[in-house]
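Asks: I'd like to ask you about the structure that follows.
The values are calculated or read from the model by the stated rules, or taken from the named source; none is laboratory data. Quick caveat: nothing in here was measured; it's all calculated off a predicted structure. FYI the Cβ positions are ideal-geometry reconstructions off the backbone, even for glycines, and counts take in every protein chain you see. Areas reflect the complete protein model, heavy atoms only, side chains present, ligands, DNA and RNA absent. Shrake-Rupley method; radii C 1.70, N 1.55, O 1.52, S 1.80 Å.
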Amino acid sequence: MTLNVSVDRRDFLKGAAGLVIGFYLPGRGELRADSAVPPGKLNAFVHIAPDETVTIMVDKAEMGQGQMTSIPMLLAEELECEWSRIRTEFAPVDKAYGSFQGTVGSSGLRSSWMPVRKAGASARDMLIEAAAQRWNVDKAQCHAGNGAVVNSATGARLTYGVLASDAAKLPVPQNVTLKDRKDFRLIGTSPKRLDTPAKVDGSAQFGIDVRVPGMQYAVVARCPVFGGKVSGFDASKAKSIPGVKNVVEISRGVAVIANNTWSALEGRKALQVRWDEGPVASVNSAGISKTFAARTKQPGAVARKTGDAPSALQSASKKVEAVYEVPFLAHACMEPLNCVADVRSGSCEVWASAQIQSAVMGTTAKITGLSPKDIQVHTTFLGGGFGRRGSTDFVAEAVEISKAIGAPVKVTWSREDDIQQGPYRPASYARFAGGLDAEGWPVAWTTNVACGSIQGRKEGVDRTSVEGIEDLLYDIPNFQVDYQLTGSGIPVSYWRAVGYTQNTFFSESFVDELAAAGGKDPVELRRHMLAKSPRLLAVLEMVAAKSNWGQPLPEGRARGVAVVNNIGSFTAQVAEVSVDQGKVRVHRVVCAVDCGPVVNPALVEQQIQGGIVYGLSAALKGGITIDHGRAQQSNFNDYDVLRIDEMPSVEVHIIRTDNSPGGIGEAAVPPIAPAVCNAIFAATGKRIRRLPVRAADLIA
């Protein structure tokens, strides 16, 4: 498998033998080639070579979710080729793939669902036309299958490799017929992942693996206080460290450049920097929490308003109030952040394990002043992303340093750099009130959320800060959500499942509080409120049945349930938990998911399992605390993650529907925390309203 594309894209189009299909999404740029490309909903390249191999250029980031397998499956299904003939390459950054090229929001497969299928169908149509012309027969007399075109009347057969050159001379069809889903042979099955052999034998190239001739190595000393700046530095001791070659100031701090990463790290230890710590130096977690609490007592910007919730609360038979809070969270990707940049006169190359290739291009162009046509971005495999690699701070550092020293350089962040320098999942605070009628059913709901902003406000509301509450599907006649923008000076950004990670914990825990106050079973209450939301109701019914909800459990164990609709998918989870002297043990998690059509069930199951591990780690162990503007955690010794002996058994049940494809990479993260905390309440009678779960909250 070729993992980097070094050949110029135009030369690739001109010189590659065989059939090359270019396609793009309308309004997102056009394929720049010598021959015109008809418009169509397409966004990548397909190359069929004379040796019968079929190469698809994947314009997404591969960070473990399996897109180097699932996206080619879409192509192979429509192309009617042999799966064993498929090869993949990471696509270069080019407008042919649209103005946005990358993977965020679990969008990779669902954004490829139609374009890649149409690319395969277009190629199939052209191959059939080429065969019909060679046989001098009507095109309707031919059909494709198993990597060849067959003459239905005579049984004659021509392989794709034989036909590729002729097909490449034909116009790309503007309208193609896609296969009916009932005729799928590959989609819906679980062939082996195409990237597994390369990852097993070590040939897969991650960003940390990149080496280029003449490359130097760098680390950056950054202010330990967020927002602080360099006021001066003494590099003499750093330069005395063997292997250290240079020390330069950049926008984020002071870079130490050496012959290897270890020498650079040692040089950084010896570096003497004076910092202007700035106003955030007085910030701490207790103060942030106090500010958040005060803000939620004030009216905020209205994110959603249905009926008259304040009045309904006043007239309700019973009123329930609760406050929930979560801390900042680091992403803690297993592969350290890194980037290689080579800035030359008139050109630049960048190798980055980044989620958004377009952002890498934009950052590089801004720093170098070069045109995108003079910049080449190489995509590598990612050792975890979770939203952290959607930022380009580590790319900017590499480009700045390379530009300053006039040589290629690799910048590496240590684990401590990554965990202590942010950006983080925002800390958040939410104040809830709910009203029940005389029969115990919810009639009113209000929430006031205090949270920092990730993507900016529209009409006073940052939707990422309220998603998971303001878009709840529960049928409650009077419903209002307010938002309070509450900054802290601590940098925040996208974290796996974004606002749903905290807000699903808040809302699904509060739903359980309403159930208990109204004397309702938690599943019964949700079932009642989801009568008008059939897809979410279906996964709730599935998970209740598969988890044996309501049936006896071994002594000391209890169940909790939670549901969520996010990234176009619908997910329900039941956690089976025990608590012993403040120690929480999650024994079993049952998950039901409806993500629309399923391309590869094994990949869905793997992503559900991975999401549960990630979400459970955050719920039971995760938290960044701030003191004097500094993050107190530094590595896995004090920012712990779930260990293998703590992993529950996970059962995944997939409901296949004909709806539009939903995402799956983030679907399982939000419900696990509330499912576990609701189970803790069932086992102990103690409500967990603050994460991570603390033994003191269970023993007190």
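Asks: Residue pairs, Cβ under 6 Å, 6 or more apart or interchain, first in segment 157-178 and touching a residue at least 40 places away in the same chain (Cβ under 8 Å), second open to solvent by 50 Å² or more (accessible area, probe 1.4 Å) and in a helix (DSSP H, G or I). List them.
Replies: Within 6 Å, the pairs are L170/E129.
Residue-wise test of (1) closer than 27 Å to F570 by Cβ; (2) crowded, with 23+ Cβ neighbours inside 10 Å; (3) at pLDDT below 95; (4) not hydrophobic (A, V, I, L, M, F, W, C).
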site: W413; (1), (2), (3), (4): no, no, no, no
site: P426; (1), (2), (3), (4): yes, yes, no, yes
site: P442; (1), (2), (3), (4): yes, yes, no, yes
site: D462; (1), (2), (3), (4): yes, no, no, yes
site: L473; (1), (2), (3), (4): yes, no, no, no
site: S493; (1), (2), (3), (4): yes, no, no, yes
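Asks: Something else about it: Could you list all residues from segment 323-350 that are open to solvent by less than 60 Å² (accessible area, probe 1.4 Å) and among the aliphatic types (A, V, I, L, M)? It would help to see each step written out before you state the result.
Replies: At the first step, the residues of segment 323-350 found to be open to solvent by less than 60 Å² (accessible area, probe 1.4 Å) are 323-333, 335-343, 346-350.
V323, V326, L329, A330, A332, L337, V340, A341, V343, V350 - these are the residues of segment 323-350 that are open to solvent by less than 60 Å² (accessible area, probe 1.4 Å) and among the aliphatic types (A, V, I, L, M).
Asks: So, one more: For segment 627-637, state whether one or more residues are within 19 Å of the chain's Cα centre (by Cα), surrounded by 18 or more Cβ atoms within 10 Å (Cβ to Cβ), of a type in the set (D, E, K, R) and on the phi < 0 side of the Ramachandran plot. I'd like the intermediate steps shown before the answer.
Replies: Of segment 627-637, the ones within 19 Å of the chain's Cα centre (by Cα) are none.
No, segment 627-637 contains no residue that is within 19 Å of the chain's Cα centre (by Cα), surrounded by 18 or more Cβ atoms within 10 Å (Cβ to Cβ), of a type in the set (D, E, K, R) and on the phi < 0 side of the Ramachandran plot.
Asks: Regarding segment 243-266, can at least one residue be identified that is at pLDDT 95 or above, farther than 18 Å from V411 by Cα and among the aliphatic types (A, V, I, L, M)?
Replies: At the first step, the residues of segment 243-266 found to be at pLDDT 95 or above are 243-266.
Subset that is farther than 18 Å from V411 by Cα: none.
No: segment 243-266 contains no residue that is at pLDDT 95 or above, farther than 18 Å from V411 by Cα and among the aliphatic types (A, V, I, L, M).
Asks: Now for a different question. Could you check F233 against (1) assigned to a loop (DSSP other than H, G, I, E, B); (2) open to solvent by 50 Å² or more (accessible area, probe 1.4 Å); (3) of a type outside the set (D, E, K, R); (4) at pLDDT 95 or above and say which number it fails?
Replies: (1)
Asks: Moving on to the next point. Pairs needed: first member in segment 328-344, on the phi < 0 side of the Ramachandran plot; second member anywhere, surrounded by fewer than 24 Cβ atoms within 10 Å (Cβ to Cβ) and of a type in the set (S, T, Y); C-beta distance under 7 Å; at least 6 residues apart or different chains.
Replies: F328/Y424; L329/Y424; A330/Y424; A330/Y639; P336/T412; P336/S414; N338/T412; V343/T368
Asks: What residue, of D201, D166, D195, is of a type in the set (D, E, K, R) and out of contact with any helix residue (DSSP H, G or I) (no Cβ under 9 Å at 6 or more places or on another chain)? Lay out the reasoning, then the answer.
Replies: Values: D166 fails: out of contact with any helix residue (DSSP H, G or I) (no Cβ under 9 Å at 6 or more places or on another chain); D195 fails: out of contact with any helix residue (DSSP H, G or I) (no Cβ under 9 Å at 6 or more places or on another chain).
D201 is the lone residue from the list that is of a type in the set (D, E, K, R) and out of contact with any helix residue (DSSP H, G or I) (no Cβ under 9 Å at 6 or more places or on another chain).
Asks: Can I ask one more? Is segment 110-123 home to any residue that is aromatic (F, W, Y), in contact with a helix residue (DSSP H, G or I) (Cβ under 8 Å, 6 or more places away or on another chain) and either free of Cβ contacts under 8 Å to residues at least 40 places away in the same chain or not in a helix (DSSP H, G or I) (or both)? Talk me through it step by step, then tell me what you get.
Replies: Residues of segment 110-123 that are aromatic (F, W, Y), as a first pass: 113.
Remaining after also requiring in contact with a helix residue (DSSP H, G or I) (Cβ under 8 Å, 6 or more places away or on another chain): 113.
Imposing the further condition that a residue be either free of Cβ contacts under 8 Å to residues at least 40 places away in the same chain or not in a helix (DSSP H, G or I) (or both) reduces the set to none.
No, every residue in segment 110-123 fails to be aromatic (F, W, Y), in contact with a helix residue (DSSP H, G or I) (Cβ under 8 Å, 6 or more places away or on another chain) and either free of Cβ contacts under 8 Å to residues at least 40 places away in the same chain or not in a helix (DSSP H, G or I) (or both).
Asks: Moving on. Tell me, please, whether a residue that is at pLDDT below 95, under 22 Å from the mean Cα position of the chain (by Cα) and closer than 30 Å to S617 by Cβ can be found in segment 481-490.
Replies: Checking segment 481-490: not a single residue is at pLDDT below 95, under 22 Å from the mean Cα position of the chain (by Cα) and closer than 30 Å to S617 by Cβ.
Asks: Here is a follow-up. Taking into account only those residues within segment 236-246 that are of a type in the set (A, V, I, L, M) and within 13 Å of Y217 (Cβ to Cβ), which is most open to solvent (accessible area, probe 1.4 Å)?
Replies: In the first step, residues of segment 236-246 are kept if they are of a type in the set (A, V, I, L, M); the result is 238, 241, 244.
Cutting the leftovers down to within 13 Å of Y217 (Cβ to Cβ) gives us 241, 244.
Values: I241: 44, V244: 22 Å².
Once the filter is applied, the top-ranked residue is I241.
Asks: Another question, then. Go through segment 249-273 residue by residue and tally those that are buried (at least 16 other Cβ atoms within 10 Å of the Cβ) and either among the hydrophobic types (A, V, I, L, M, F, W, C) or not in a strand (DSSP E or B) (or both). Before the answer, list the steps.
Replies: Of segment 249-273, the ones buried (at least 16 other Cβ atoms within 10 Å of the Cβ) are 249-250, 252-258, 261, 263-268, 270-271, 273.
Next, only the ones that are either among the hydrophobic types (A, V, I, L, M, F, W, C) or not in a strand (DSSP E or B) (or both) stay: 250, 252, 254-258, 261, 263-268, 270-271, 273.
Counting residues in segment 249-273 that are buried (at least 16 other Cβ atoms within 10 Å of the Cβ) and either among the hydrophobic types (A, V, I, L, M, F, W, C) or not in a strand (DSSP E or B) (or both) gives 17.
Asks: Something else now. Residue by residue through segment 495-542, note down the ones that are open to solvent by 30 Å² or more (accessible area, probe 1.4 Å), within 24 Å of G596 (Cα to Cα), among the hydrophobic types (A, V, I, L, M, F, W, C) and assigned to a helix (DSSP H, G or I).
Replies: Once the filter is applied, which keeps residues that are open to solvent by 30 Å² or more (accessible area, probe 1.4 Å), within 24 Å of G596 (Cα to Cα), among the hydrophobic types (A, V, I, L, M, F, W, C) and assigned to a helix (DSSP H, G or I), segment 495-542 yields L537, A538, M542.
Asks: Let me ask another. Can you tell me which condition S660 does not meet? The list is (1) within 23 Å of V599 (Cα to Cα); (2) buried (at least 20 other Cβ atoms within 10 Å of the Cβ), and all the others hold.
Replies: Among (1) within 23 Å of V599 (Cα to Cα); (2) buried (at least 20 other Cβ atoms within 10 Å of the Cβ), S660 violates only (2).
Asks: Looking at segment 686-698, which of its residues are assigned to a helix (DSSP H, G or I), more than 17 Å from A558 (Cβ to Cβ) and open to solvent by 50 Å² or more (accessible area, probe 1.4 Å)?
Replies: First, pick out the residues of segment 686-698 that are assigned to a helix (DSSP H, G or I): 695-698.
Subsequent filtering for residues that are more than 17 Å from A558 (Cβ to Cβ) retains 695-696.
Matches in segment 686-698: A696 only.
Asks: Somewhere in segment 274-290, is a residue assigned to a strand (DSSP E or B), within 30 Å of F328 (Cβ to Cβ) and open to solvent by less than 30 Å² (accessible area, probe 1.4 Å)? Before the answer, list the steps.
Replies: Initial filter on segment 274-290 (assigned to a strand (DSSP E or B)): 274-276.
In the following step, the residues that additionally are within 30 Å of F328 (Cβ to Cβ) were identified as 274-276.
From what's left, open to solvent by less than 30 Å² (accessible area, probe 1.4 Å): none.
No, every residue in segment 274-290 fails to be assigned to a strand (DSSP E or B), within 30 Å of F328 (Cβ to Cβ) and open to solvent by less than 30 Å² (accessible area, probe 1.4 Å).
Yes or no, residue by residue, for (1) under 30 Å from N448 (Cα atoms); (2) touching a residue at least 40 places away in the same chain (Cβ under 8 Å):
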{"residue": "V225", "(1), (2)": "yes, yes"}
{"residue": "A235", "(1), (2)": "no, no"}
{"residue": "K239", "(1), (2)": "no, no"}
{"residue": "A255", "(1), (2)": "no, yes"}
{"residue": "N259", "(1), (2)": "no, yes"}
{"residue": "L265", "(1), (2)": "no, yes"}
{"residue": "N284", "(1), (2)": "yes, yes"}
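Asks: Select, from D594, D627, the only residue that is touching a Phe, Trp or Tyr at 6+ places or on another chain (Cβ under 9 Å) and of a type in the set (D, E).
Replies: Going through D594, D627 in turn, the sole match is D594.
Asks: Separate question: Could you please let me know if G387 is out of contact with any strand residue (DSSP E or B) (no Cβ under 7 Å at 6 or more places or on another chain), at pLDDT 95 or above, surrounded by fewer than 21 Cβ atoms within 10 Å (Cβ to Cβ) and not basic (K, R)?
Replies: no
Asks: Kindly indicate whether T159 is open to solvent by less than 40 Å² (accessible area, probe 1.4 Å), touching a strand residue (DSSP E or B) at 6+ places or on another chain (Cβ under 6 Å) and of a type outside the set (A, V, I, L, M). Give the steps one after another, and end with the answer.
Replies: Details: open to solvent by less than 40 Å² (accessible area, probe 1.4 Å): yes; touching a strand residue (DSSP E or B) at 6+ places or on another chain (Cβ under 6 Å): yes; of a type outside the set (A, V, I, L, M): yes.
Spelling it out, T159 is indeed open to solvent by less than 40 Å² (accessible area, probe 1.4 Å), touching a strand residue (DSSP E or B) at 6+ places or on another chain (Cβ under 6 Å) and of a type outside the set (A, V, I, L, M).
Asks: Does A618 qualify as being part of a helix (DSSP H, G or I), within 25 Å of S289 (Cβ to Cβ) and either free of Cβ contacts under 8 Å to residues at least 60 places away in the same chain or open to solvent by 10 Å² or more (accessible area, probe 1.4 Å) (or both)? Give the derivation first.
Replies: Numbers: part of a helix (DSSP H, G or I): yes; within 25 Å of S289 (Cβ to Cβ): yes; either free of Cβ contacts under 8 Å to residues at least 60 places away in the same chain or open to solvent by 10 Å² or more (accessible area, probe 1.4 Å) (or both): yes.
Yes: the conditions hold for A618.
Asks: Which of the numbered conditions does A683 fail, given that it passes all the others? Conditions: (1) within 24 Å of the chain's Cα centre (by Cα); (2) part of a helix (DSSP H, G or I).
Replies: A683 satisfies every listed condition except (1).
Asks: Going through segment 75-107 one residue at a time, which ones are among the β-branched types (V, I, T) and under 19 Å from the mean Cα position of the chain (by Cα)? Steps first, answer last, please.
Replies: Narrowing segment 75-107 to residues among the β-branched types (V, I, T): 86, 88, 93, 103-104.
Hits for segment 75-107 are T103, V104.
Asks: Would you confirm whether any residue within segment 638-655 is among the polar types (S, T, N, Q), buried (at least 24 other Cβ atoms within 10 Å of the Cβ) and in contact (Cβ under 8 Å) with a residue 24 or more places away in the chain? Quick ask: steps written out before the conclusion?
Replies: Here is the first cut: in segment 638-655, the residues among the polar types (S, T, N, Q) are 649.
With the extra rule that they be buried (at least 24 other Cβ atoms within 10 Å of the Cβ), the set shrinks to none.
For segment 638-655, residues among the polar types (S, T, N, Q), buried (at least 24 other Cβ atoms within 10 Å of the Cβ) and in contact (Cβ under 8 Å) with a residue 24 or more places away in the chain: absent.
Asks: Taking the conditions exactly as written (at pLDDT 95 or above, surrounded by 14 or more Cβ atoms within 10 Å (Cβ to Cβ), touching a strand residue (DSSP E or B) at 6+ places or on another chain (Cβ under 8 Å) and over 25 Å from P442 (Cβ atoms)), does V320 satisfy them or not?
Replies: On the way: at pLDDT 95 or above: yes; surrounded by 14 or more Cβ atoms within 10 Å (Cβ to Cβ): yes; touching a strand residue (DSSP E or B) at 6+ places or on another chain (Cβ under 8 Å): yes; over 25 Å from P442 (Cβ atoms): no.
In short, no.
Asks: Looking at segment 113-154 only, could you name the residues that are out of contact with any Pro (no Cβ under 9 Å at 6 or more places or on another chain) and hydroxyl-bearing (S, T, Y)?
Replies: Correct list: S152, T154.
Asks: Would you list the strands (runs of 3 or more DSSP E) that sit entirely within segment 45-103 and hold 3 or more residues that are over 24 Å from G665 (Cα atoms)?
Replies: So the answer is 45-48.
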